[in-house]
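Colleague: One structure, pasted below without further comment.
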Amino acid sequence: MIEIDGSYGEGGGSVLRIATALSAVTSKPVHITNIRSGRPKPGLMAQHMNAVKAVAEISNASVEGLEVGSTDITFTPKSLNGGVYKIDIGTAGSISLILQAFMIPAAFVNSPVKIRITGGTDVRWAPSVDYVENVTLPILRLMGYKAHIHIIRRGHYPRGGGILEIEVEPITKLMPLNISDLQFDCICGISHSVKLPLHIAERQAQSAENILQSKGYKSKIIIKGSQNAIGPGSSIFLWTNGITPVSGSAVGEPGKKAEKVGSEAAKQILYHISRRSAVDKYMGDQLIPYMALAGGSCIKTSELTQHALTNIHITEKFIDKKFRVNGIIGEAAVIMVD
């Protein structure tokens, strides 16, 4: 039984997601304590509970302590199996964060996997589903990962109700990833508004384009409007069109001008571009378990984060690989694994 202190490092939900995902892949049971102990509301929330539930279903795991508020769980996986799964978070909790856990074991099942998740597609403090589609999957495909995503309906805070489906085809081994410098010639984007006037999405896009063009970058932002949602909301997502994209995003909020939403996204992607690194800081975090499973990988990330170091600590407990980091927190860094 592998013991994990959930308060280690940044002590957030990523400890739980990475630990249960790698437990499922390696068939090593894990006991996680002090889950989110430093957060204002410690323990599992609906989003975290459903991430564990999704991984448990695909790995036929038994789980002790799986309830909202729990700070201690024991996860005992059996065998990975393909099939069709459904998860309803019941809130505007992030669909993408559930995918961060589920997608790791999903690649190694014995037959294709399809999961439909209902929850938040565009929420604060989490990657949007556009990030998964336009950044995560393109980079993972360089490692041989095979998946396709379908955004059925947007879901924003506070009502959620967004729907996403992803289909994953099984593979036997991930290929090593070696990427360093950022290369691109255009910035792509999606600006959307649902159950709101279309001009909100247009103003978000125009604001972002003005900033990007003032810095000499070409941009192409698609405007999307829809009434297919439970509640209103808007967001903008930007990404570079190179082999390894970096991104910028922002979510609309009541009282927040559309122009500010657009400018926030533009400034974020410009920050990542300025570091000239192959992956942005969010992907630098997410790639850690995949790099260990593949072995022999090396990436340059735009910013080394505590999340990345925490993920390394957890990953090394399950997989007999050693990471090396050349850089300091807050700066661009190179992450390598044997």
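Taken together, the values in this text are just the output of simple stated rules run on the coordinates, not laboratory data. Only a predicted model underlies this, so the values are computations on that prediction, with no experimental measurement involved. Glycine gets a Cβ as well: all are built from the backbone with ideal geometry, and neighbour counts include every protein chain shown.
Colleague: Based on DSSP H runs of at least 4 residues, each adding -39500 (n - 2.57), what is the mean residue ellipticity at 222 nm of the chain after dividing by all its residues, to the nearest 500 deg cm²/dmol?
Modeller: On the way: 8 runs with 105 residues, N = 338.
After summing the helix terms and dividing by residue count, I get -10000 deg cm²/dmol.
Colleague: Also, quick follow-up: Could you work out how far helix 258-274 tilts from the main Cα principal axis of the chain, as a 0 to 90 degree angle to the nearest 10?
Modeller: Here the helix axis deviates by roughly 60 degrees.
Colleague: In degrees from 0 to 90, rounded to the nearest 10, what is the angle of the helix 281-294 Cα long axis to the longest principal axis of the chain?
Modeller: 40
Colleague: Here's a follow-up. To the nearest Å, what is the center-to-center distance of the stretch 186-203 and the stretch 266-297, using C-alpha atoms only?
Modeller: 26
Colleague: Order these by the 10 Å Cβ neighbour count, fewest first: TRP239, TRP125.
Modeller: On the way: TRP239 24, TRP125 8.
Lowest to highest Cβ neighbour count: TRP125, TRP239.
Colleague: Can you give the FRET efficiency for ILE243 and GLU67, using 1/(1 + (r/R0)^6), R0 = 45 Å, r = Cβ-Cβ distance, to the nearest 0.05?
Modeller: The formula returns an efficiency of 0.55 here.
Colleague: Computed from the coordinates I sent, Cα extents along the principal axes in Å equals one of (i) 61, 42, 40; (ii) 65, 43, 35; (iii) 54, 42, 39. Tell me the label.
Modeller: Checking each listed value against the structure points to (iii).
Colleague: Here is a follow-up. Where does each of 276-289, 129-142 land if you order them by average Cβ count within 10 Å, highest first?
Modeller: 276-289, 129-142
Colleague: For the stretch 103-216, what is the charge dipole size about the Cα centre, in debye to the nearest 20, if Lys and Arg each add +1 at the Cβ and Asp and Glu each add -1 at the Cβ? Could you put the intermediate results ahead of the total?
Modeller: Details: 12 positive and 10 negative charges, 82 e Å.
Roughly 400 debye, rounded to the nearest 20.
Colleague: Sticking with this structure for a sec: Distance cut-off 18 Å, Cα to Cα: go down the list LYS41/LYS260; LYS146/LYS220; LYS218/LYS281; LYS173/LYS321; LYS28/LYS317; LYS256/LYS281 and report the pairs above it. List each step's numbers first, then the result.
Modeller: Values: LYS41/LYS260 30 Å; LYS146/LYS220 27 Å; LYS218/LYS281 23 Å; LYS173/LYS321 15 Å; LYS28/LYS317 10 Å; LYS256/LYS281 26 Å.
Correct reply: LYS41/LYS260; LYS146/LYS220; LYS218/LYS281; LYS256/LYS281.
Colleague: Separate question: Taking Cα atoms, how many degrees apart are the long axis of helix 306-318 and the longest axis of the chain, rounded to 10 and kept between 0 and 90?
Modeller: Taking the Cα atoms of the chain, the angle to 306-318 is about 30 degrees.
Colleague: R0 = 41 Å: FRET efficiency of LYS260 with GLU165, Cβ-based, nearest 0.05?
Modeller: Efficiency, from the Cβ-Cβ distance: 0.80.
Colleague: Separation between the ILE2 and ASN110 pseudo-spin-labels, each 7 Å from Cα along Cα→Cβ, expressed in nm?
Modeller: Spacing of the two 7 Å Cα→Cβ label points: 2.3 nm.
Colleague: Please report, to one decimal in angstroms, the Kirkwood hydrodynamic radius of the stretch 191-282 built from all distinct Cα-Cα pairs.
Modeller: 13.3
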